[in-house]
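Trainee: My questions will all concern the structure given below.
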Amino acid sequence: MNGPGMEFPLSETIFDVAIFGGGPAGYTAAIRGAEYGLKVALIEQSDKLGGTCLHVGCIPTKALLFNAEIWEHLQHAADFGIEGIGAPTLDWAAVLKRKDAIIAKHVKGLDFLMKKHKIARIEGYGRLTGPAHHPGDKDPSPGTPGQDGVHSVEITAASGEVSPLKAKNIILATGSAAKMLPGLNADERILTNIEILSLNQLPKSLVVIGAGAVGMEFASMFRTFGTEVTIVEFLPRVVPVEDEEISKEITRLFKKRGIDMNTGARVEKVEKTEGGVKVSYTDSNGNTQAKEAEKVLVAVGRAPRTEDIGVEKTKIELERGFVKVDEAQETTEPGVFAIGDIVAGLPQLAHVGAMAGMVAVAKIAGRKFRPIRRDRIPGCTYTEPQIGSVGLTEAQAREKGYEVKVGKFPFAGNSKATILGSHDGFVKIVSDAKYGEILGVHILGPQATELIAEAVAVMELEGTVEEMIFTIHAHPTLAESLLDAYGAVDGMAINA
Ligand SMILES: Cc1cc2nc3c(=O)[nH]c(=O)nc-3n(C[C@H](O)[C@H](O)[C@H](O)COP(=O)(O)OP(=O)(O)OC[C@H]3O[C@@H](n4cnc5c(N)ncnc54)[C@H](O)[C@@H]3O)c2cc1C
């Protein structure tokens, strides 16, 4: 019975775990659950697995950003002694086609993995119908859907057909959707991450509202392709979750690239004009400003999809729409877990959702697990230059009462960065003066999103600055900049 592509009406099989949502959180939980030997059902409303991440998030944006990187290199081909390629032109349709092919390849890959792991893939929309009864419950009231710890959930097919499904555990992995500014709806000029990824031509001008990772990545990409870009951010600095020095330096570099940066600016009105859209805002000095552009991207955060999944029929507690969980990702309703973008208190990142999925199924399978630690989560922003960070910012470390020691090393002193022709940025180590504990690592520069992996591993293994100073880093590599930054904590960088 347990096999891919289950048809309606669904079978009477009692699954060990039924997962709502086939994004990175849900499909990772499904695969790891199957690897543990659990009988798994994965319920996804779309006919394609992958969620926001694969279809309109991580993967398509990084594909386009790689195109932007190649484009940028081509503009400077002569610096590398490459002549005769003339003036390169951009075939935007081909760029989008490549992006779509990458997505299609990975959709197929996920289908293959579902079959390989004998995961029951159900195309439909899942809803909780009430709590499950647990053997320990004193007074299981009759008539509620679950019996003896088995949850009965309701799955609605695209045809409208509804079928019950039984599982001992439920994992909610329903993800998130882009927030809109009040009174606005997405269309061909007012864009979210969905519409902007399939524009049939490059916009001449773009206003980006919101300078978190999503807004900054689109700003960076379109600027590289020649779009006139304006950023309007409500908070006093861009990428506000990053260390302040990172925000400051990337602001300087974006300005240098000709991006119009406006922080501390409140959007007052977005209105359609004959040729595009006009964004009116109050700037940081309290003056009214307006910017007209062909398109506007609204990137002001993502709302959890926790409405209309039957949460109100259970004891699940929400916090501003996000689901509260314990360290095993279990909600306040026994046997119901939550992972991914809907979870309260965790950043909305694919790798966090995936790890939360692995934690939840480990708990369900009775295996050992390590709870997710907020200060061990890498954050990556694939701008030019990139940002990779983990742990506490300098300000957060000081707020927590640490005696902080900082080491900083600029990529200007790194030979591999010179080879790449990519000197902007730095590595910053935030450490505890007393024991040399590494509290945070903040990288702005080439391949920062790859380099941060070393820092995450070191922090996970509780390495110290002293240990890292004596850790051999291959030469010439960008990773040597980390070695120099650890040295700089004690005033002992070699290359600066
Ligand atoms: C433009 C953009 C770029 C991003 N880039 C990155 C990046 O580089 N790195 C990174 O880590 N993160 C990135 N993110 C964030 C990342 O996409 C999300 O954190 C991730 O997709 C969350 O995974 P999830 O499984 O929780 O939810 P989702 O990926 O949103 O998947 C949820 C799935 O559940 C399905 N679903 C919803 N309700 C139901 C239901 N009741 N029944 C059945 N199915 C249901 C949906 O159809 C969807 O397929 C980016 C996001 C955006 C918007």
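Trainee: Provide the gained length on full extension for the span Gln75 to Leu461, in nm with one decimal, where the gain is 0.36 nm per separating residue minus the Cα-Cα distance.
Mentor: Difference between extended and current length: 134.7 nm.
Trainee: Considering only protein heavy atoms, what per residue accessible area in square angstrom results for the chain with a 1.4 angstrom probe? Show your work: numbers first, answer last.
Mentor: On the way: 23130 Å² over 496 residues.
That works out to 47 Å² per residue.
Trainee: Magnitude of the Cβ-charge dipole of the stretch 1-52, K/R +1 and D/E -1, about the Cα centre, nearest 20 debye?
Mentor: Dipole of the stretch 1-52, to the nearest 20 debye: 160 debye.
Trainee: First compute the accessible area of the chain with a 1.4 Å probe, then give the percent of it belonging to carbon and sulfur atoms.
Mentor: 52 percent
Trainee: Oh, and also: Nearest 10 degrees, 0 to 90: what angle lies between the long axis of helix 448-460 and the longest principal axis of the chain (Cα atoms)?
Mentor: It is inclined by approximately 60 degrees.
Trainee: Hey, another quick one. Students often forget the sequence filter, so: which lysines lie under 16 Å Cα-Cα from Lys408 once same-chain residues fewer than 8 apart are removed?
Mentor: Lys248, Lys428
Trainee: Using θ = phi - 60° and the Karplus form 6.51 cos²θ - 1.76 cosθ + 1.60, what ³J(HN,Hα) does each residue of the stretch 25-41 get, whole Hz, x for Gly and Pro?
Mentor: In residue order, the calculated couplings are 5, x, 6, 5, 4, 4, 5, 5, x, 5, 4, 7, x, 7, 8, 10, 10 Hz.
Trainee: Right, next: Which of the trypsin sites (Lys or Arg not before Pro) across the stretch 309-375 are loop residues per DSSP, with 13 or fewer other Cβ within 10 Å?
Mentor: Lys315, Arg320, Arg367, Lys368, Arg373
Trainee: Apply the Karplus curve 6.51 cos²θ - 1.76 cosθ + 1.60, θ = phi - 60°, to the phi angles in the stretch 362-374 and return the couplings in whole Hz, x for Gly and Pro.
Mentor: 4, 4, 4, 7, x, 9, 6, 8, 10, x, 5, 9, 3
Trainee: Could you give me the ³J(HN,Hα) list for the stretch 303-314, computed from phi with Karplus coefficients 6.51, -1.76, 1.60 and θ = phi - 60°, whole Hz, x at Gly and Pro?
Mentor: 8, x, 8, 10, 8, 6, 10, x, 4, 5, 8, 10
Trainee: Additional query: Can you list residues whose amide H is under 5 Å from Ser176's amide H, if they're 5+ apart or on another chain and H is modeled 1.01 Å from N?
Mentor: Arg305
Trainee: Taking 0.36 nm per residue of separation and subtracting the Cα-Cα distance, what length does fully extending Thr156 through Lys118 add?
Mentor: 11.5 nm
Trainee: Taking Lys168 as the anchor, which lysines have their alpha carbon closer than 25 Å to its alpha carbon, excluding any fewer than eight residues away along the same chain?
Mentor: By straight Cα distance, Lys168 reaches Lys39, Lys115, Lys116, Lys118, Lys138, Lys313, Lys315, Lys324, Lys363, Lys368.
Trainee: Let me ask something else. Which value, in debye to the nearest 20, describes the size of the charge dipole of the chain about its Cα centre when Lys and Arg Cβ atoms bear +1, Asp and Glu Cβ atoms bear -1, and nothing else is charged?
Mentor: 540 debye
The values are calculated or read from the model by the stated rules, or taken from the named source; none is laboratory data. Given the structure is predicted, the values throughout are model-derived calculations rather than measurements. All Cβ positions, even for glycine, are placed from backbone atoms using ideal geometry, and neighbour counts span all protein chains on display. Side chains are part of the model used for accessible areas, which takes the heavy atoms of the whole protein and leaves out ligands, DNA and RNA. Shrake-Rupley method; radii C 1.70, N 1.55, O 1.52, S 1.80 Å.
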